[in-house]
Amino acid sequence: MKSELVLIVDDEMPIREMIHTALDLAGYTCLEAENARDAHHIIVDQRPALVLLDWMMPGGISGIELCRRLKRDETLSEIPVIMLTARGEEDNKVQGLDAGADDYMTKPFSTRELVSRIKAVLRRSSALSGERPIEAEGLVLDPVSQRVSTGEHIVEMGPTEYRLLAFFMTHPERAYTRTQMLDQVWGGSVYVEDRTIDVHIRRLRKVLEPFGFDGFIQTVRGTGYRFSTRLDNRAI
């Protein structure tokens, strides 16, 4: 079985070597880059299964800016990204996730935990990468192109909102708590407060509203949220 390719992007060689050694032992194949420009070339040429990306790097392009560029590129946006950074404040974590990062680790971290996070992110990425479009009353999510559409119209949304909608559409008619959604969409190891999940729900509803699909994302009092096309559920 071919091992999955992970790109390690960090300007500090000792950190790259430490991570490389740990991932080798865990059965992954690794490539390294010391700046965002080199990393982008490698990502385009090699298409890694996952990118470990340092926040602060020299060369004029930060890790978070590279993450934004990847998530805006339709040909690369499906590649999961884990941010590695010394910034531990909540606002920085939210900023990284809003840029499209799939997970977030604050230095220093244990390589054992890092390997666990990588496995969890790759599992979630695989679960959302099926090939058959998902349709709900005219709202269509295509996991191959990672586009959401209705009729001839493309519904533009950010990567986090896309993952949230993909989870909802593959798990309809069931109420989920914020904790369950955190585990399924962000990964249980990521620090995200309830209010952050609520912000992404509001953003998702806002982009669906012009097409009349915002009512599919329903608030379930005392529990959390549910995706449903049933009219009798929308007042709950």
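For the reader, a short list of remarks on this structure follows.
- The lone exception for residue 133 - which of (1) out of contact with any helix residue (DSSP H, G or I) (no Cβ under 9 Å at 6 or more places or on another chain); (2) of a type outside the set (S, T, N, Q); (3) closer than 26 Å to residue 195 by Cα it fails: (3)
- Lone unmet requirement of (1) surrounded by fewer than 17 Cβ atoms within 10 Å (Cβ to Cβ); (2) closer than 26 Å to residue 157 by Cβ for residue 3: (2)
- Any chance residue 66 is assigned to a strand (DSSP E or B) and surrounded by 16 or more Cβ atoms within 10 Å (Cβ to Cβ): no
- Residues located in region 35-88, provided they are of a type in the set (Ser, Thr, Tyr) and in contact (Cβ under 8 Å) with a residue 40 or more places away in the chain: 77
- Any hit, region 19-27, residues being crowded, with 19+ Cβ neighbours inside 10 Å, in contact (Cβ under 8 Å) with a residue 40 or more places away in the chain and in a loop (DSSP other than H, G, I, E, B): no
- Contact map, region 203-220: residues that are farther than 13 Å from residue 165 by Cβ paired with residues that are in a helix (DSSP H, G or I), Cβ distance under 6 Å, separation 6+ or inter-chain. Pairs shown: 218/233.
- Where helices (runs of 4 or more DSSP H) fall entirely within region 108-222, those with at least 2 residues that are at pLDDT 90 or above and assigned by TED's automatic domain parsing to the domain that holds residue 85 are at 111-127.
The values are calculated or read from the model by the stated rules, or taken from the named source; none is laboratory data. Note that this is a predicted model, so its numbers are computed, not measured. Note that each Cβ is placed from the backbone with ideal geometry, even for glycine, and that neighbours are counted across all protein chains shown.
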